[in-house]
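Report on the structure given below.
The values are calculated or read from the model by the stated rules, or taken from the named source; none is laboratory data. If you're wondering where the values come from, they're calculated on a predicted model, not measured in any experiment. Positions of Cβ are generated from backbone atoms using ideal geometry, with glycine treated the same way; all protein chains shown enter the neighbour counts. We work out accessible area using only protein heavy atoms, side chains counted, and drop any ligands, DNA or RNA first. Shrake-Rupley method; radii C 1.70, N 1.55, O 1.52, S 1.80 Å.
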Amino acid sequence: MTALDLRLPHADLAGSWRAARPRPAGTHLDSAACSRQSNRVLEAVAHHARHEAELGGYVAEATAGDLLQQGRSVIGGLVGMAAADVVFVESAQAALAALLAAWPLGPAARVACLPGEYAPNAAMLRAAGLALEPLAVDGDGRADLAALERSLAADPPRFVHLTQLASHRGVVQPAAEVAALCRAHGVPLVLDAAQSLGHVDVDLGADVVYSTSRKWLAGPRGVGLLCVRPAVAAQLVPALPAPADLPPLRALESGEAHVAGRIGLVLAVGEHLAAGPQRVRERLAALGRAGRQVLDGAGGWRVVEPVDEPTATTTLRPPDGVDVVATRARLLTEHGIVTTAAGPERAPGEMTGPVLRVSPHVDGTVEELEALAAAL
């Protein structure tokens, strides 16, 4: 390994990201769980909360209406949809729940998904009465496109649900190719972008995209988003219709909401666009590559992903006899390093044991990754 292997692009982006945020109390390598919000986002959330106290919650919400509508438009742009296709919800899981509750799919409808599907997603799909059918995958857990095409042609499911980037490994699914195949066979694609929006490209042609605020977009917790193209939105039957002056999809947007958090998300998305999504993706991919080079073999831990996987998420399998949960706690208490211990219950169809997940944002450095390697 040479110094050139670990060179990171866009140092100015790292500096501006760091300068825009409160000084961290330690080393934050856990953006796949919850990123650090900027001072501007924090202040906007607090400012709206104060407005609610001064003006009343609904009056304050009305004053923010134009900003929220601009946010829907900008978020729609990130996924290749329009403002009318976007609604705010409370989380990625709330988005999936709202979609399934309103979509009359028929008894025992079949849905194709990855064997390594996020367990809460799979539970929600089953609870909706859907029969889950596993997609064929390669050795890295990536969807097998040839097998998918044969399946779609021979016996298409009601829809395909694809988690573009899992929470237990930093492998990107070929979502654009899956979307093209689904479109060619008239099968809707529902994309879980909780780990991918703000991390990798999500404007790929999916019919439904849902995500959360708190991860790679670095917005507040308690906010999520659901984006649905008109062809699928026309099939939805909400319990209550939207007001006549609003797009029909807004029926899925809860009125009793953390409006201040939605405002924070809109500002966070604006900061993401100002930073340059392509530059963000390039910096994150380089951090992931550097992290895998630095961390593989450290203390006997082994990297799961291919070294050049274009994500910032690195997952590490422990040496025999090493407790991942205890290691995560030790890293935090003894070294101030924040990571995630992910147990096999997160994706029981694919995981064979616990892993340690490392996920720096664009302000991450090689020195921080080397400090983690030394601590392991």
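Stick to Cα atoms and the Kirkwood definition of Rh, then tell me Rg/Rh for the chain.
0.97
Of Ser16, Ser211, Ser73, which is the most mobile in a GNM of the chain whose springs link Cα atoms less than 10 angstrom apart?
Greatest mean-square fluctuation among the candidates belongs to Ser16.
How many percent of the accessible area of the stretch 152-271 is carbon or sulfur, using a 1.4 Å probe?
57 percent
How large is the dipole of the chain about the Cα centre if only Lys and Arg carry +1 and Asp and Glu carry -1, each at its Cβ, rounded to the nearest 20 debye?
With only Lys, Arg, Asp and Glu charged at Cβ, the dipole is about 260 debye.
In whole percent, what relative contact order does the stretch 120-252 give with Cα contacts below 8 Å and a gap of six or more residues?
Computed over the stretch 120-252, the figure is 15 percent.
Each residue of the stretch 345-358 in order: what ³J(HN,Hα) in whole Hz does its phi give by Karplus 6.51 cos²θ - 1.76 cosθ + 1.60, θ = phi - 60°, with x for Gly and Pro?
Karplus values, whole Hz, x for Gly and Pro: 5, 5, 8, x, x, 9, 6, 10, x, x, 9, 9, 9, 10.
Carbon and sulfur: what percent of the stretch 10-59's accessible surface (1.4 Å probe)?
That fraction is 57 percent.
Show the residues, 5+ positions off or on another chain, whose built amide H is closer than 5 Å to the amide H of Val137.
For Val137, whose amide H was placed from the backbone, the distant partners under 5 Å are Asp144.
With a 1.4 Å probe and all protein chains left in place, how much accessible area per residue does the chain have, in Å²?
Averaged over the residues of the chain, the accessible area is 41 Å².
Magnitude of the Cβ-charge dipole of the stretch 46-108, K/R +1 and D/E -1, about the Cα centre, nearest 20 debye?
160 debye
To the nearest Å, what is the center-to-center distance of the stretch 28-61 and the stretch 298-373, using C-alpha atoms only?
One Cα centre to the other: 30 Å.
Counting alpha carbon pairs within less than 8 Å and at least 6 residues apart, what relative contact order, in whole percent, applies to the chain?
Contact order relative to length: 24 percent.
Using a simple charge model, +1 on the beta-carbon of Lys and Arg, -1 on the beta-carbon of Asp and Glu, nothing else, what dipole does the stretch 208-330 show about its Cα centre, in debye to the nearest 20?
200 debye
With each label point set 7 Å from Cα along the Cα-Cβ vector, what nm distance links Glu345 and Gln235?
3.3 nm
Grab the Cα-Cα distance for Glu52 and Asp66, subtract it from 0.36 nm times how many residues apart they are, and report the gain in nm with one decimal.
Stretched out fully, the Glu52 to Asp66 stretch lengthens by 3.4 nm.
Can you tell me which of Pro188, Pro277, Pro120 moves the most in a GNM of the chain? Springs connect C-alpha atoms under 10 Å apart.
Comparing Pro188, Pro277, Pro120 in a Gaussian network model of the chain, the most mobile one is Pro120.
Bin width 5 Å, alpha-carbon pairs only: give the P(r) of the stretch 208-263 as whole percents, running from 0 to the bin holding the largest distance.
Per 5 Å bin, starting at zero, the Cα-Cα P(r) for the stretch 208-263 comes out as 4, 17, 23, 23, 18, 12, 3 percent.
Limiting things to C-alpha atoms, what are the Rg and the maximum Cα-Cα separation (Dmax) for the stretch 95-155, in angstroms?
Cα radius of gyration and Dmax of the stretch 95-155 are 12.6, 36 Å respectively.
Just add up the charged neighbours of Ala257: K/R +1, D/E -1, any other residue whose Cβ is under 9 Å from the Cβ of Ala257.
Charge balance near Ala257 sits at -3.
Rg to Rh ratio, the stretch 102-254, alpha-carbon atoms and Kirkwood radius?
0.96
Can you run phi through the Karplus equation (6.51, -1.76, 1.60; θ = phi - 60°) for the stretch 177-184 and list ³J(HN,Hα) in whole Hz, with x for Gly and Pro?
My calculation for the stretch 177-184 gives 5, 4, 4, 5, 5, 4, 5, 5 Hz in order.
Using only alpha-carbon positions, what ratio does the radius of gyration of the stretch 272-363 give when scaled by 2.2 N^0.38 Å?
For the stretch 272-363, the normalised Cα radius of gyration comes out at 1.15.
How much net charge surrounds Leu189 when only other residues with a Cβ under 14 Å from its Cβ are counted (Lys, Arg +1; Asp, Glu -1)?
Cβ neighbours under 14 Å give a net charge of -2.
For Arg110, what residues show an amide H to amide H distance below 5 Å, using hydrogens built from the backbone and excluding near sequence neighbours?
Ala131, Arg158
Leaving out ligands, DNA and RNA, and with a 1.4 Å probe, what % of the accessible surface on the stretch 309-376 is carbon or sulfur?
53 percent
Once the dipole of the chain is set up with Lys and Arg at +1 and Asp and Glu at -1 on Cβ about the Cα centre, which of Pro360, Gly170, Ala260 lies farthest towards its positive end?
Towards the positive end, the residue furthest out is Ala260.
Which one, Asp138, Asp296, Asp203, has the greatest fluctuation when you compute a Gaussian network model over the chain with C-alpha springs under 10 angstrom?
Sorting by GNM fluctuation, first place goes to Asp138.
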